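No value in this document is a laboratory result; all are computed from the given coordinates. Please read these numbers as outputs of a predicted model, since none were measured by experiment. Don't worry about glycine lacking a Cβ; one is built from the backbone with ideal geometry, like all the others, and counts go over all protein chains shown.
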């Protein structure tokens, strides 16, 4: 029997692409043993000095329409919440406090992007879907250790080169986006993929020009 390969899936509930990726987990290579790891997308953006897709008006609309299209192509139920982006901090802390089990993560993503619900206005209902009382949820999201764990998850992800969500990381490589499943699967079967040819050369290409930093 082939040994399982440990992998980490970094996600933030704010990402519709993470929802689409999660819904296609059945397509992942069976050798992958995936741990679900909540992070803060905003923290990754801050670390890399980047902007999120929703911060550019035309990209925001393109992103939403792209997600609607991709969902339709894979038969995935999809409905945008009434406000996006939203603040996912409490939801991410809650998932950390619950140890991010697959059932809870699935339920949370279904709530937001399967049903198009608002995690702020409908927080009690989200807690109910996750099988937790509002009182218990409040205790978890206020716990200093849980807050720190979410920060640490985000820092660890950034240190591994994660710049966005969703990202599947294993064998020292990161596969970002909901459209990288086939690529990640190929890497499972060809662990030498990045060690030769144009894949290797890609890591050696110099920077010919760079934008000046705007102050």
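Data overview
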| read-out | value |
| --- | --- |
| Rel. contact order, % - alpha carbon contacts under 8 angstrom, at least six apart, the chain | 29 percent |
| Helix-only [θ]222 nm of the chain, DSSP H runs n ≥ 4, -39500 (n - 2.57) each, per residue, nearest 500 | -13000 deg cm²/dmol |
| For the range 169-209, alpha-carbon Rg over 2.2 N^0.38 Å | 1.31 |
| Residues 180, 135, 154 arranged by fewest to most Cβ contacts within 10 Å | 135, 180, 154 |
| FRET efficiency, 1/(1 + (r/R0)^6) with R0 35 Å, evaluated for residue 147 and residue 64 via beta carbons | 0.70 |
| Fewest-first sequence of 65, 211 by Cβ atoms within 10 Å of each Cβ | 211, 65 |
| Euclidean distance between Cα centres, the range 146-171 to the range 1-53, Å | 9 Å |
| Along each principal axis, Cα extent of the range 70-175, largest first, Å | 42, 38, 23 |
| Separation of the residue 186 and residue 210 label points, Cα + 7 Å toward Cβ, nm | 3.0 nm |
| Acute angle (nearest 10 degrees) that the helix 144-159 long axis makes with the longest principal axis of the chain, alpha-carbon atoms | 20 degrees |
| Antiparallel DSSP beta bridges within the chain, as percent of all bridges there, nearest 5 | 50 percent |
| The chain: most fluctuating residue of 110, 195, 179 per GNM, C-alpha cutoff 10 Å | 195 |
| Compactness relative to 2.2 N^0.38 Å, alpha carbon Rg of the chain | 1.07 |
| Quarter of Cα convex hull surface for the range 12-129, i.e. mean projection, nm² | 7.8 nm² |
